[in-house]
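What follows is a short report on a single structure.
Since every read-out is calculated from the coordinates, none of them should be taken as a lab result. Worth saying up front: this structure is predicted, and the values here are computed from it rather than measured. Cβ placement follows ideal geometry from the backbone for every residue including glycine, while neighbour counts extend to all protein chains displayed.
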Ligand SMILES: CC(C)(COP(=O)(O)OP(=O)(O)OC[C@H]1O[C@@H](n2cnc3c(N)ncnc32)[C@H](O)[C@@H]1OP(=O)(O)O)[C@@H](O)C(=O)NCCC(=O)NCCS
C-alpha cells in the first residue's frame, strides 16, 4: 500500500497486523533493551515495524542493523540510509532509501475515520479546512480531517531528521489533490538540502482497507 505512493528509489514494506517471532521477527539486544519496560501493544508495534524496515533494507542490499529511538523519538538509521516508520492499530509500515537518492523520508498511516472532536481546529489552518470541504466533495469515502493529520505527521517525520527542531501543526499549510498528491508549504524557513532550501514538501496519499496513508520523499 505504501510502496505505491513512494518513488522507485525507496524500498517500502507494510503489513496488516503483527508478525510473530515464528516469522523471523527478532530484535537486536539493544532494541529489546529499548522496550523492555513497554506494554505488550508497544512491544508488538515496535518489533513488527522493525522487521518491515529490515525487509526494506534487504531490498536495497543493506545489512540489518539496530534501529534505536534517539532524540525526540527519531530513529538513528545506519550511515548512508534514511528511513521512516509508522504504526497504527492493524497496520505497520517502513520505508528506506540511500542518502544518495533521498534526503529525508516521512511516512504515516492512520485509520480512515474522523478525528476526535476538537482536534481538527487545533491541528489545521482555516485555508486547510476550506480545502477539506472540496476534497470531501470529490472523495467522500476519505476522512479528510484524518488525512490532513496524517500528512502533517509525515511532514514532521521528514522535517525533524533534517533540522532537529520542532514544527508546530500550524507552521505548514497543506493542500490536497483528490487524485492522491499533496503539498506542504512551510511557514517557517525550510531545511537546506545540497545547497537548496525546501520551502515546500511534495507528498502523495492513498486510502484503502480502512486506512489513510501519506508519504513524502525529499530528493537528495
Ligand atoms: C513523532 C510523531 C510525528 C509520530 O507520529 P505518530 O502518528 O504519533 O506515530 P506513528 O506510529 O505514525 O510513527 C511513530 C514512528 O515515527 C518515528 N518517529 C518518532 N519520532 C520521530 C521524529 N522526531 N522524527 C522522525 N521520525 C520519528 C519512529 O520511527 C516511530 O516509531 P518507533 O517509536 O517504533 O521507532 C508524533 O508523535 C508527533 O510528535 N507529532 C507532533 C509534531 C507534528 O506532527 N507536527 C506537525 C508539523 S506540520
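A few notes on this one:
- Label-point gap, in nm, between residue 30 and residue 187 - each point 7 angstrom along Cα→Cβ: 3.9 nm
- Distance in nm between pseudo-label sites at residue 220 and residue 163 (7 Å out along the Cβ direction from Cα): 2.3 nm
- With contacts taken as Cα pairs under 8 Å and at least 6 residues apart, segment 108-219 reaches a relative contact order of 31 percent.
- Separation of alpha-carbon centers, segment 91-108 and segment 144-204, rounded to whole Å: 14 Å
- In the chain, the longest principal axis of the Cα atoms and the axis of helix 40-59 are about 80 degrees apart.
- The long axis of helix 144-163 is offset from the longest Cα principal axis of the chain by roughly 60 degrees.
- Helical contribution to [θ] at 222 nm, DSSP H n ≥ 4, -39,500 (n - 2.57), averaged over the chain, rounded to 500: -9000 deg cm²/dmol
- Across segment 1-107, C-alpha contacts under 8 Å between residues 6 or more apart give a mean separation that, scaled by the residue count, equals a relative contact order of 34 percent.
- The residue 141 and residue 41 beta-carbon pair, evaluated with R₀ = 30 Å, returns a calculated FRET efficiency of approximately 0.60.
- If R0 is 35 Å, the Cβ-Cβ spacing of residue 170 and residue 101 corresponds to a FRET efficiency of close to 0.65.
- Exposure proxy ranking for 85, 1, based on other Cβ atoms within 10 angstrom of each Cβ and starting from the fewest, stands as 1, 85.
- Full-stretch length increase - residue 117, residue 60 - with 0.36 nm per residue and alpha-carbon distance subtracted: 16.3 nm
- Counted residue by residue at 0.36 nm each, then reduced by the alpha carbon distance between them, the extension gain from residue 129 to residue 79 reaches 14.0 nm.
- Of the residues 52, 88, the one with the fewest other Cβ atoms within 10 Å heads the list, and the complete ranking is 88, 52.
- Relative packing of peptides 141-150, 205-214, 115-124 - highest average C-beta neighbours within 10 Å first: 141-150, 205-214, 115-124
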